[in-house]
Amino acid sequence: MEPIQLLADNLAYDDVGTFRTNFVDASGRRHGSRTVRADALADEGTKFLNWNSPAVLCSASRAALMTGRYPVRTGVFPRVFEPDAELGLPANETTIADHLKEEGYSTKIVGKWHLGSRPGYLPTDRGFDEWFGYLGGSEDYYYHNRTDKACGGGVSLVSVMVTLFGTGNMLGRLTSPLLSDQLVARGRSRALFFVAISLLMAAAHGGLLLAAYAHPGSAAQAALLAASAAAVGYAFGSAWPHMVILTSELFGSRRLATNYMFYDGWCAAAGTLCLANLLVTGFYTGKDCLGPRCFAPTHAIVVGLCCVGAVAAAAIAWRSAELYQRIAKPSLASDDPLEDGLLS
């Protein structure tokens, strides 16, 4: 018997039919297994019910599968190999194909490699006699284009956007409380700063919405994506500390833990319902789509939600104006405004 080993990226446990009892499609109809061949293999062999992948990224998980070693041992961690990367799986690592060839087997690999794309790191350099597939990641199975190129941006732009988002996120967390403290020191409601955060997030997603309809790969699209990524990062980084601070000031520190758990839980539940369930069901289920325009409905809805949030924050600012005057001038109050808050 010839051994065959399969690896699928981002495959959920119950995506394989043998691990689920039924499947409900977008129309509500129930079906049986959608992976008949894989189910047959499982029924005729052994199913492993307790197992964890050594990594959540393509190159690292493949390195572990090929070598039987943790990704940190092979050095293929935590990033993936970008297209035309100079390096790949280290040459001093022995692959499963190397071991099989020592036992007299012929070896072949089909599909994604993602462990190096230059001579010395190719599949045929790492113990495989034959190879058919592609070297990198993010390739479309139907048209065989890299999906990041199909989406109008190169890998370098993706890296820039990730960096800008992360930088904006950290700057937001570090600087935004200092800015809103200036409002409070002047007797203005901190919720006014949340109005600005909401409008900034709305503008950033508006930029992403415009980028979705810009010419793919153009300088205008790249500029919109980069600027919007930085703005989204700053707004996101600013929002979370202000949720804690505002909850403390509005509900009072005396009941902060209880009120914040309710507040944060409700926000998470509403976001999950809207963005993770209703949006996916309404716009994406059963549709084949590739490129930035796929995400246009998401950006449009987030713009609307942020505008609603800005209006709500403005209402809170109006309602809490007296509280923040007391915070700015505590001598005018006989009690501690931060202990009782406005809504406790």
When the residues of the range 210-225 are filtered to those that are crowded, with 17+ Cβ neighbours inside 10 Å and of a type in the set (Gly, Ala, Ser), which remaining residue is farthest from VAL302 (Cα to Cα)? ALA222
Restricted to the range 91-105, and to residues that are in contact (Cβ under 8 Å) with a residue 24 or more places away in the chain and among the small types (Gly, Ala, Ser), which residue is farthest from PHE128 (Cα to Cα)? ALA91
With the requirement that a residue be in a loop (DSSP other than H, G, I, E, B) and under 37 Å from the mean Cα position of the chain (by Cα), what does the range 98-122 give you? THR107, TRP113, HIS114, LEU115, GLY116, SER117, ARG118, PRO119, GLY120, TYR121, LEU122
Answer residue from the range 123-136, given it is part of a loop (DSSP other than H, G, I, E, B) and modelled with pLDDT of 90 or more and is nearest to the chain's Cα centre (by Cα) among those: ARG126
Can you run down the residue pairs with Cβ atoms below 7 Å, 6 or more apart or on separate chains, where the first is in the range 1-15 and under 13 Å from VAL56 (Cβ atoms) and the partner is surrounded by 11 or more Cβ atoms within 10 Å (Cβ to Cβ)? ASP9/CYS58
The number of residues in the range 155-209 that are in a helix (DSSP H, G or I) and surrounded by fewer than 16 Cβ atoms within 10 Å (Cβ to Cβ) is 15
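Conditions tested, residue by residue: (1) of a type in the set (D, E, K, R); (2) surrounded by fewer than 16 Cβ atoms within 10 Å (Cβ to Cβ); (3) more than 27 Å from the chain's Cα centre (by Cα).
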{"position": "GLY45", "(1), (2), (3)": "no, yes, yes"}
{"position": "SER61", "(1), (2), (3)": "no, no, no"}
{"position": "THR67", "(1), (2), (3)": "no, no, yes"}
{"position": "TYR70", "(1), (2), (3)": "no, yes, no"}
{"position": "VAL76", "(1), (2), (3)": "no, no, no"}
Just to be sure I understand, how many residues within the range 55-80 are assigned to a loop (DSSP other than H, G, I, E, B) and of a type in the set (A, V, I, L, M, F, W, C)? 6
(1) closer than 25 Å to SER138 by Cβ; (2) modelled with pLDDT of 90 or more: which one isn't true of SER53, the others all being true? (2)
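The values are calculated or read from the model by the stated rules, or taken from the named source; none is laboratory data. Remember, it's a predicted structure, so these values are computed and weren't measured experimentally. Glycine also receives a Cβ, built like all others from the backbone with ideal geometry; neighbour counts cover every protein chain displayed.
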